[in-house]
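**Q** Structure below; questions to follow.
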Amino acid sequence: MVEASASSGRASPNLGSRVVVTWAELTVLGLAGGVLGTSLGGPPALVVYFATTLLSVAILLYNVHVLVQRSIDARLDE
């Protein structure tokens with residue numbers, strides 16, 4: 001099994017690195033949303049909060065999708 005994935009040239013799914021990437025993306029987004037929301041204040045801050053929440057969910061779903069897709073691709077290459 002290891003030889004097949006090594007010979008195909010495709011990287012196997014790597015949960016650890018995907019978790020780190022997701023964490024970094026969420027951290028940057030949270031900090032940017034917090035800074036922007038604090039600097040605006042009032043009703044625009046609420047819009048920034050909602051946008052940050054929506055983008056956080058999108059980041060999570062995208063990274064789960066990438067991980068599942070890599071897993072499926074690795075399984076098909078075997």
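The values are calculated or read from the model by the stated rules, or taken from the named source; none is laboratory data. Computed from a predicted model, the values in this text were never measured in an experiment. Backbone-built Cβ (ideal geometry, glycine too); neighbour counts: all protein chains shown.
**Q** Looking only at residues that are aromatic (F, W, Y) and exposed (fewer than 14 other Cβ atoms within 10 Å of the Cβ) in the stretch 30-78, which one is nearest to R18 (Cα to Cα)?
**A** So the residue we want is Y62.
Residues are listed down the side, and each one gets a yes or a no for (1) assigned to a helix (DSSP H, G or I); (2) at pLDDT below 95; (3) out of contact with any helix residue (DSSP H, G or I) (no Cβ under 6 Å at 6 or more places or on another chain):
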residue	(1), (2), (3)
A11	no, yes, yes
V21	yes, yes, yes
A24	yes, no, yes
L29	yes, no, no
L55	yes, no, no
A58	yes, no, yes
I72	yes, yes, yes
